[in-house]
Amino acid sequence: MGWFLLALAIVLEVAGTTCMKLSGGFKELAPSVLVFVFYGFSFTAFIYALKTIDLSITYAIWAGLGLALIAAISILYFKEPMTVPRMIFIGLILIGVIGLSLNAVKG
């Protein structure tokens, strides 16, 4: 259940961050409100995930996967440039997240 809650926390955090961009600096009402809704639910799921997964693992995976997903959304939806360094560093983040996940399952 902890891993499901962590995945949910990541998805909600990505939704909240995407709404930040869509809010236009809090000028658009719906995305502005959704920032707080999504982040509130994300932190709630994150807290419950911490009941069964170590904090260091949970936070690293939450932050790393959230960052990688936001980078993908930025490139695909918001048409930000996809550069070679950006691809390399996102790949390194994903390698770190996979390594931590595998270590958490074994540990």
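The values are calculated or read from the model by the stated rules, or taken from the named source; none is laboratory data. The model shown is predicted, which means the values in this text are computed figures rather than measured ones. Quick reminder, even Gly has a Cβ in these numbers, built from the backbone with ideal geometry, and neighbours come from all protein chains shown.
Counting just the residues of the range 87-107 that are small (Gly, Ala, Ser), closer than 26 Å to THR52 by Cα and surrounded by 11 or more Cβ atoms within 10 Å (Cβ to Cβ), which one comes out modelled with the lowest pLDDT? Per the criteria, the residue is ALA104. Checking each residue of the range 16-38 against the condition of being within 19 Å of SER101 (Cβ to Cβ), of a type in the set (D, E, K, R) and modelled with pLDDT of 95 or more gives no match. Exactly one residue out of ALA63, ALA45, ALA30, ALA72 is surrounded by 16 or more Cβ atoms within 10 Å (Cβ to Cβ), of a type in the set (A, V, I, L, M), without any contact (Cβ under 8 Å) to a residue 60 or more places away in the chain and at negative phi, and it is ALA45. For the condition at pLDDT below 95 and either within 26 Å of LYS79 (Cα to Cα) or loosely packed, with under 15 Cβ neighbours inside 10 Å (or both), MET1 qualifies.
Of all residues in the range 50-86, which are part of a loop (DSSP other than H, G, I, E, B) and among the charged types (D, E, K, R)?
First pass over the range 50-86, keeping only residues part of a loop (DSSP other than H, G, I, E, B): 50-54, 77-83.
LYS51, ASP54, LYS79, GLU80, listed by residue number.
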